[in-house]
């Protein structure tokens, strides 16, 4: 069916070994759809698997296709699919439960231990020309939402899930630690959920400028302040301690600053993941009743994100700073590794390189 090079895929074999390979075009099974991929964003986790061959307990043992921030067009539907048809433009939710376990029944399917997740070993991702996926986890895009916006729903979902877990609401004062792509989506979502003021920290002046563009009220460029000094700066800019902090770096000093900064009785959500063991002022949090919460990916976020994009309540377009055709994927990964720009987008359809 496929000519050579027709299903080009970006495959990590082991740490430091990233290749462009031709894969067979898959056939959709019952309740699946075959997609011609359009836009796929590169995530820090993709780069991490390429550089280190593992993230925590998830180890690359066999060649794995990368990519999980994606959108495409339905070209074939499997038996039983009724809500999608060939030609539909869709955004892909990369996590698909394999069984209806206790977590699925409780509406927290992201916590299911057997979940399929794109580009998490041993599951292949969708950074390729053609990809099949569960039809229930493909969401039709309205005509006024671009493919790139569709691909950005995945990182956006991390912001929605984190801000929901944090309890962001009308009038909230929020501190977002870190201004990478995940910090930025948390700024966007906190503002649209009603935050009155958001302060963002980062080492990079250019990333803080982007944070301003997407809605941050205040920014702090970190130099060599102690965690307590960072917390004091946050309080001074907001005029009070924030009741919500969203930590997006995973860096020990930043987690420490986040605890010190959060108002007594407030909530700290840990989004960024660093080393397994970190030293934090846990007693400070405990005696001030600061709730510390984690998040793992997201659940039930795609419909909300699509509504926000379609209504133009949010603008994620400033996040995409680089675009590469799929054939130049290795160059795109190098660009991401160097930390250039914000979001690097790969264009998988050679006949349509538009956003």
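Give me the pairs: first residue in the range 250-273 and more than 16 Å from residue 289 (Cα to Cα), second residue at pLDDT below 95, beta-carbon distance under 7 Å, and six or more apart or on different chains, which are they?
Filtered contacts from the range 250-273: 250/273; 250/274; 251/274; 252/274.
Does the range 229-236 contain at least one residue that is farther than 26 Å from residue 157 by Cβ, surrounded by fewer than 20 Cβ atoms within 10 Å (Cβ to Cβ) and touching a helix residue (DSSP H, G or I) at 6+ places or on another chain (Cβ under 8 Å)?
Yes, the range 229-236 contains at least one residue that is farther than 26 Å from residue 157 by Cβ, surrounded by fewer than 20 Cβ atoms within 10 Å (Cβ to Cβ) and touching a helix residue (DSSP H, G or I) at 6+ places or on another chain (Cβ under 8 Å).
Among (1) in a helix (DSSP H, G or I); (2) touching a strand residue (DSSP E or B) at 6+ places or on another chain (Cβ under 8 Å); (3) closer than 18 Å to residue 43 by Cα, where does residue 185 come up short?
The number of the failed condition is (2).
Quickly run through the range 120-139 and pick out the residues that are in contact with a helix residue (DSSP H, G or I) (Cβ under 9 Å, 6 or more places away or on another chain), within 19 Å of residue 349 (Cβ to Cβ) and part of a loop (DSSP other than H, G, I, E, B).
Answer for the range 120-139, where residues must be in contact with a helix residue (DSSP H, G or I) (Cβ under 9 Å, 6 or more places away or on another chain), within 19 Å of residue 349 (Cβ to Cβ) and part of a loop (DSSP other than H, G, I, E, B): 125, 127, 129.
Here is a list of conditions, (1) outside any helix (DSSP H, G or I); (2) surrounded by fewer than 24 Cβ atoms within 10 Å (Cβ to Cβ); (3) in contact (Cβ under 8 Å) with a residue 40 or more places away in the chain, and residue 171 meets all of them except one; can you say which number that is?
Single failed check for residue 171: (3).
Please work out if residue 249 is at pLDDT 95 or above and either in a helix (DSSP H, G or I) or buried (at least 19 other Cβ atoms within 10 Å of the Cβ) (or both).
Considered against the rule, which asks whether it is at pLDDT 95 or above and either in a helix (DSSP H, G or I) or buried (at least 19 other Cβ atoms within 10 Å of the Cβ) (or both), residue 249 comes out as yes.
Which condition breaks for residue 103 when tested against (1) under 27 Å from residue 9 (Cβ atoms); (2) surrounded by fewer than 20 Cβ atoms within 10 Å (Cβ to Cβ)?
Answer for residue 103: the failing condition is (1).
Working only within the range 289-314, note down all residues that are surrounded by fewer than 16 Cβ atoms within 10 Å (Cβ to Cβ), in a loop (DSSP other than H, G, I, E, B) and in contact with a helix residue (DSSP H, G or I) (Cβ under 9 Å, 6 or more places away or on another chain).
Residues satisfying the conditions are 296, 300, 313.
Out of the residues in the range 340-355 that are under 24 Å from residue 205 (Cβ atoms) and surrounded by 14 or more Cβ atoms within 10 Å (Cβ to Cβ), state the one that is farthest from the chain's Cα centre (by Cα).
Only one residue tops the list, namely 341.
In the range 146-165, is there at least one residue being buried (at least 21 other Cβ atoms within 10 Å of the Cβ), at pLDDT 95 or above and not in a helix (DSSP H, G or I)?
no
Rundown of residues vs (1) touching a residue at least 60 places away in the same chain (Cβ under 8 Å); (2) over 23 Å from the mean Cα position of the chain (by Cα), yes/no style:
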position	(1), (2)
176	yes, no
190	no, no
200	no, no
211	no, no
217	no, no
233	no, yes
238	yes, yes
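Strands (runs of 3 or more DSSP E) wholly in the range 1-77 with at least 3 residues that are free of Cβ contacts under 8 Å to residues at least 60 places away in the same chain and surrounded by 15 or more Cβ atoms within 10 Å (Cβ to Cβ) - which ones?
By residue number, 8-14, 69-77.
Only one of these is over 23 Å from the mean Cα position of the chain (by Cα) and over 20 Å from residue 355 (Cα atoms): 46, 17. Name it.
Of the residues listed, the single one that is over 23 Å from the mean Cα position of the chain (by Cα) and over 20 Å from residue 355 (Cα atoms) is 17.
The values are calculated or read from the model by the stated rules, or taken from the named source; none is laboratory data. Only a predicted model underlies this, so the values are computations on that prediction, with no experimental measurement involved. Counting neighbours? That spans all protein chains shown, and the Cβs are built from the backbone with ideal geometry, glycine included.
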